[in-house]
Number of protein chains: 2
Amino acid sequence: MKATLYTVSTLAALLLSASFLSAQVKEDFKPSTANQPGREYPMVNSEGRVRARVEAPDAKRVQLDIGGVKYDLVNDGKGVWTGESAPQDEGFHYYQINIDGASVPDPGSLYFYGAGRWGSGIEIPAADEDFYALRNVPQGQMRELYYYSEVNSQMRHCFVYTPAEYDTNTDKRYPVLYLQHGGGENEYGWPEQGKTAHIIDNLIADGKAEPFIIVMDNGTWTRPAGSERRAGGGLPSNWADNFMNTLLNDIIPMVDSRFRTIADSEHRAMAGLSMGGMQTKAITLAHPEVFSSVGIFSGGSITPDEARSSKGFVEGNRLVFISYGSRELENRRPGSSDPSEDVEALKKAGINAHFYVSPQTAHEWQSWRRSLYQFAQLLWK
Amino acid sequence: MKATLYTVSTLAALLLSASFLSAQVKEDFKPSTANQPGREYPMVNSEGRVRARVEAPDAKRVQLDIGGVKYDLVNDGKGVWTGESAPQDEGFHYYQINIDGASVPDPGSLYFYGAGRWGSGIEIPAADEDFYALRNVPQGQMRELYYYSEVNSQMRHCFVYTPAEYDTNTDKRYPVLYLQHGGGENEYGWPEQGKTAHIIDNLIADGKAEPFIIVMDNGTWTRPAGSERRAGGGLPSNWADNFMNTLLNDIIPMVDSRFRTIADSEHRAMAGLSMGGMQTKAITLAHPEVFSSVGIFSGGSITPDEARSSKGFVEGNRLVFISYGSRELENRRPGSSDPSEDVEALKKAGINAHFYVSPQTAHEWQSWRRSLYQFAQLLWK
């Protein structure tokens, strides 16, 4: 009897699922805003499904690979393959196309650097997308520049955002945020998929943030030869050193010499996502004389003990901001510490600490766009 | 007897060709400098051959598509496909990979906008590549900015290069070059495959060019509804108007208000490649009160009659620069006019006219990098 019931409910689930997949796909697809100019596909519907279309006349199998799932596309008999994914979360996602076993970028999308490669990205419309939209407000500049790094004995590449008023208020000096990408990403992450300039331009135009400079550099670290790995195969114990040395000895002096910065710790912040958040934690705890504001997006938190163990950190700190996507918190390991409890404890220890949870997003860019939006409103206050 | 001779020479040619293709490929391949970080393939050898490698375990046919020719790659039996092209000219080329009939970007390369799509590009090392190399010299900035266009009732996007000294010599004002891409390309062409910042930074560092500002906008025109096409199906008679109106009414005023320009015709130049060169010709002849220096790269020339038909052009002009890749001149239609003769005639008419031919290059970016390098040394003198 139990077996029969199980079978019936399984059948019902299968029927529901089949009808969900075939009949109930909403036919309100529009081209993704991350498409190449003039390209109709990929498309997205109001459920957040992605519809991909690829011409591959002689292929045997074509798949859309997004969110860790591969969806078979269907050949129309003329070599044009089309199909949809399950609904995706709001915001930006990396994806790729598989053609007879080859993983390649979708010829229809723009390309972004993440997961260790330049490849396809797609935008799922979000209810709050206006905060990162291009609006007709005073526009800052995203400046690409190169500089010589003594630490690495080579030329390096970074982006510097300057607010709209920077080129007209030529006597004014500005605070600076050093803003880092995640693992497998690079310095293009915040300017491109991060929508940094639009987010900050909009906040400044709306009077919600002070104008400030943002530096986005490449924090990818190469493990120095012979460096130890932690027990359990984790990051080597000196993993943050390489980028920290470059930041302190090359990047900050270069920025302070080429831009009108307020070159003191009170007006210098660091933030980052995932690996960049872990670097932010390590570097700001090691150097409270350099940074006074700290943002860690999906990259851990700081405990009162850690804050107190860094001489001068508590006294000099102006802001600690910790954030996560809600799905990251829902799916965290049983028994792991609750980062919101760390933030409450920091507040009790006298730190201006804030905790933010991005609704219904995972370890992805929509969490980090929202985190930057929240963090920027708390900076320099 | 004639038939026999023909057969013998054909056989000889085939044998030569076969040995050339198989035995004589030089095994000194190195990763292309336009590869994604850490990617070994595609590679290039000292003959200028491209070796592509793609993983496509279940594919039936994989090809490298470069220079208008498709080269079959060979499966190693494990699904890794490898093969070489014939030698390519020095410099940058667009290319793509074909997998069972699907034309896709090569997952190993960086991506560039040309031929109407973001896709793969490759660099063939050039004897003169130092002029566009990243060197440890004072570095300018490539600034990305947005502005509202009244002409188009929308936000637009452009790049502005400022020389290294721009942010320190804050009392100095600078001349401006408006520099346009070709058909099927966009405003990313000159900053990325054009290597504009490196070329100008190096020239300024070597004392070969005056510091100046460069504006790179999107000159792609949409044919207005109902506009006439010329006899023979050519460009519509008003094809240059849309970009001209945007340039004169939106772009130039925006640049003159946001940057420290010398806002007169004497210190304003326009240049472009291919379609951008044709736009440069049309716009500078129509508005000699706006521009005094003119560069046309692979986009035609100006005759003395055309110059004289524009009131004030001859009197106000400081420079006319015409250039081509040598292969473009070699392959031009029999009976078509010789652009070097136009330049000689302009000189006789009192114009400071210059003609440049890029050695052993075609209608491609190496011709235009070299043209910019030559043109920049003649500007503002």
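A few notes on this one:
- Between residue A:205 and residue A:148, the distance separating the two model label sites (each 7 Å from Cα on the Cα→Cβ line) works out to 4.1 nm.
- Candidates B:146, B:132, B:174: whichever shows maximal mean-square fluctuation once chain B is modelled as a Gaussian network with Cα springs under 10 Å: B:146
- The protein assembly as shown - Kirkwood radius from inverse mean 1/r over Cα pairs (Å): 28.8
- Segment residue A:344-residue A:329, length gained on full extension (0.36 nm per residue, minus Cα span): 3.8 nm
- Summing Cβ point charges (Lys, Arg +1; Asp, Glu -1) relative to the Cα centre of chain A gives a dipole of roughly 480 debye.
- Binning all Cα-Cα separations of region A:247-300 at 5 Å, short to long from zero, yields these whole-percent fractions: 5, 21, 27, 25, 15, 6, 1.
- Residue among A:305, A:256, A:58 with the largest mean-square fluctuation in a Gaussian network model of chain A, springs linking Cα atoms under 10 Å: A:58
- Computed with a 1.4 Å probe on the full set of protein chains, the accessible area for residue A:370 sits at about 10 Å².
- Helix axis angle, A:275-286 relative to chain A longest principal axis, alpha carbon, degrees: 20
- Under the simplified labelling scheme, the residue A:360-residue B:169 pair shows an inter-label distance of 5.6 nm, with each label point 7 Å from Cα along Cα→Cβ.
- Solvent-accessible area lost on pairing B with A (1.4 Å probe, both sides summed) amounts to about 3500 Å².
- MRE, 222 nm, helices only [DSSP H, n ≥ 4, -39500 (n - 2.57), over chain A, to nearest 500]: -7000 deg cm²/dmol
- FRET efficiency, residue A:70 to residue B:286 (Cβ-Cβ, R0 56 Å, nearest 0.05): 0.55
- Distances, shortest first, from the label point of residue B:154 to those at the same position in the other copies read 4.0 nm; the point lies 7 Å along Cα to C-beta.
- For the residues of A:95-107, the average number of beta carbons from a partner chain within 10 Å of their own beta carbon is 6.
- A cut-off under 14 angstrom between Cβ atoms defines the neighbours of residue B:129, and their net charge, with Lys, Arg +1 and Asp, Glu -1, is 0.
- For region B:27-125, size of Cβ-based charge dipole, Lys and Arg +1, Asp and Glu -1, in debye: 260
- Angle of helix B:339-348 to the longest C-alpha principal axis of chain B, folded into 0 to 90 degrees and rounded to 10: 20°.
- Once divided by 2.2 N^0.38 Å, the Cα radius of gyration of region B:27-125 becomes 0.98.
- Of all aspartates and glutamates in the structure, the ones whose alpha carbon falls short of 17 Å from that of residue B:30, not counting any fewer than 8 places away in one chain, are B:40, B:47, B:84, B:89, B:90, B:106, B:123, B:129.
- With Cα atoms, 0 to 90° folded angle of helix A:365-378 axis to chain A main axis: 30
- For chain B, built as a Gaussian network whose Cα springs stay under 10 Å, the top-fluctuating residue of B:170, B:261, B:246: B:170
- Local net charge near residue A:58, Cβ-Cβ under 11 Å (Lys/Arg +1, Asp/Glu -1): 0
- Distances between copies at residue A:103, taken between label points 7 Å from Cα along the C-beta direction, are 2.6 nm in increasing order.
- Label distances, nm, residue A:134 versus same residue in remaining copies, Cβ-directed 7 Å point: 2.6
- Environment charge of residue B:332, counting only residues whose C-beta is closer than 15 Å and scoring Lys/Arg +1, Asp/Glu -1: -3
The values are calculated or read from the model by the stated rules, or taken from the named source; none is laboratory data. Since we're looking at a predicted model, the values are computed, not measured. Counting neighbours? That spans all protein chains shown, and the Cβs are built from the backbone with ideal geometry, glycine included. Areas reflect the complete protein model, heavy atoms only, side chains present, ligands, DNA and RNA absent. Shrake-Rupley method; radii C 1.70, N 1.55, O 1.52, S 1.80 Å.
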